[in-house]
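Every number here is computed from the coordinates shown, using simple stated rules; none is lab data. Treat the numbers as computed from the prediction; the structure is a model and nothing was measured. Every residue, glycine among them, receives a Cβ derived from its backbone with ideal geometry; neighbour counts consider all protein chains shown.
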Amino acid sequence: MEKTIDELLSEVMKTELKEIQTNKGTQEEKKTRLEKFGKLNGIVSMRQETRNKEQEVRLKFIIDENEEIHKSEEVKLRLKSDKLETVMQVVKVGVEVFGIILPVIFYSSWMHKGFDFEKEGTYTSQTFKGLFGKFKPTR
């Protein structure tokens, strides 16, 4: 199996740390090993920073993508509600118009029947006399 770079770096750092602890060499050798260990530690931390930045970029991309989806869903919902609102307004206007027109048509036909009945004017029915007071062509 291939080892990843992180695993290899970890192994090298462990061996360097063991060498520093067990080595009874000169101060110069210990100093060199400590510098090497510090550089390796710096490399590991830089790789971790790079991974963190990469994850931040991925998360930002996912968040932006989700916001776009949310905005498109919001636009679709707004369009649907606008269409529904338009239909409701048309229905409301239609009901109001029929609420005025239908009684006028009914009153007109009733008056024509009453006038046909009383063409000569010799007879006036009690129903037709009181009918004019009952007509309310407005709401």
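Only one residue in GLN55, GLN89 is assigned to a helix (DSSP H, G or I) and either in contact (Cβ under 8 Å) with a residue 60 or more places away in the chain or closer than 30 Å to VAL12 by Cα (or both), so which one is that?
After applying the criteria, what remains is GLN55.
Only one residue in PHE37, PHE98 is aromatic (Phe, Trp, Tyr), out of contact with any Leu (no Cβ under 9 Å at 6 or more places or on another chain) and either under 25 Å from SER10 (Cβ atoms) or part of a helix (DSSP H, G or I) (or both). Which one?
So the residue among PHE37, PHE98 that is aromatic (Phe, Trp, Tyr), out of contact with any Leu (no Cβ under 9 Å at 6 or more places or on another chain) and either under 25 Å from SER10 (Cβ atoms) or part of a helix (DSSP H, G or I) (or both) is PHE98.
Output the qualifying pairs, or none if there are none: Cβ atoms under 7 angstrom, residues six or more apart or on different chains, first residue in the stretch 99-110 and at positive phi, second residue assigned to a helix (DSSP H, G or I) and among the β-branched types (Val, Ile, Thr).
If the second residue must be assigned to a helix (DSSP H, G or I) and among the β-branched types (Val, Ile, Thr), no pairs are left.
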